[in-house]
1. In the set Ala108, Ala137, which member is over 14 Å from the mean Cα position of the chain (by Cα) and either of a type in the set (D, E, K, R) or under 24 Å from Arg4 (Cβ atoms) (or both)?
2. Please work out which one of (1) more than 28 Å from Pro162 (Cβ to Cβ); (2) among the β-branched types (Val, Ile, Thr); (3) in contact (Cβ under 8 Å) with a residue 60 or more places away in the chain is the condition Ile94 fails and give its number.
3. Given Arg97, Arg82, which one is out of contact with any helix residue (DSSP H, G or I) (no Cβ under 8 Å at 6 or more places or on another chain), among the basic types (Lys, Arg), surrounded by 13 or more Cβ atoms within 10 Å (Cβ to Cβ) and farther than 14 Å from Leu159 by Cα?
4. Pairs only if they're at least six apart or on different chains, beta carbon under 7 angstrom, first in the range 100-117 and without any contact (Cβ under 8 Å) to a residue 12 or more places away in the chain, second among the basic types (Lys, Arg) and part of a strand (DSSP E or B); list them, first residue then second.
5. Could you check Thr116 against (1) within 19 Å of Phe29 (Cα to Cα); (2) in contact with a helix residue (DSSP H, G or I) (Cβ under 9 Å, 6 or more places away or on another chain); (3) surrounded by 17 or more Cβ atoms within 10 Å (Cβ to Cβ) and say which number it fails?
6. List the residue pairs whose Cβ atoms are under 6 Å apart, where the first residue sits in the range 8-37 and is aliphatic (A, V, I, L, M), the second is assigned to a helix (DSSP H, G or I) and at pLDDT 75 or above, and the two are 6 or more positions apart or on different chains.
7. Being surrounded by 11 or more Cβ atoms within 10 Å (Cβ to Cβ), without any contact (Cβ under 8 Å) to a residue 60 or more places away in the chain and charged (D, E, K, R) is the filter here; which residues of the range 136-165 pass it?
8. Residue by residue through the range 114-153, note down the ones that are of a type in the set (Asp, Glu) and closer than 18 Å to Gly78 by Cα.
Amino acid sequence: MTIRNLTGDDQAEYSALLTQAHTQHCDCFRSSPSDAQEPAQVGETTEHFTLGAFSDVGHLVGIVSFARDAREKMRHKGLLFRMYVARGVAGQGIGRRLVREIVSRAQALPGLETITLTVVASNTAARYLYASEGFTAFSLEPRALKMGDTYSDEEQMRLELPRVE
């Protein structure tokens, strides 16, 4: 398993995996399958990047993105988002490795203090993963998402990064 920044060369495979995520697990994402058709942005800066987990034979099997808030008063925060591990490899620790890599890279950013994320409250596997990596819930928005006549709550979580002196 290799984890690395995605580049423009990975765009097609990234888009296909994101479409799979929205199709197979549309209840676990804020965006809908039609939103997934929007061009996905792949590429890197030190403060905004998407990581990919690649199988031993080179297939993209997991993704996660990070973006540091660009606004002056909010630059102490970053956002973990668009996390997905393909169904066929779920439960093998790939998600945990992706989260840990995001945290490791975020810790290297000067002045970054907090990583936040939003997770659908009924997604117990994701909530467990984030909690086991130190994220704590700080807000619950009832009926945050609506698909047809069905509502889903969203939980916001945060990880306070250790201060580097």
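1. Ala108
2. (1)
3. It is Arg97.
4. From residues that are without any contact (Cβ under 8 Å) to a residue 12 or more places away in the chain, there are no pairs.
5. (2)
6. Correct list of pairs: Ala36/Leu18; Ala36/Thr19; Ala36/His22.
7. Result: Glu141, Asp153, Glu155, Arg158, Glu160.
8. Passing the criteria: only Glu133.
The values are calculated or read from the model by the stated rules, or taken from the named source; none is laboratory data. From a predicted model like this one, the values you see are computed outputs, not experimental measurements. Using ideal geometry, Cβ is built from the backbone for each residue, glycine included, and neighbour counts are taken over all protein chains shown.
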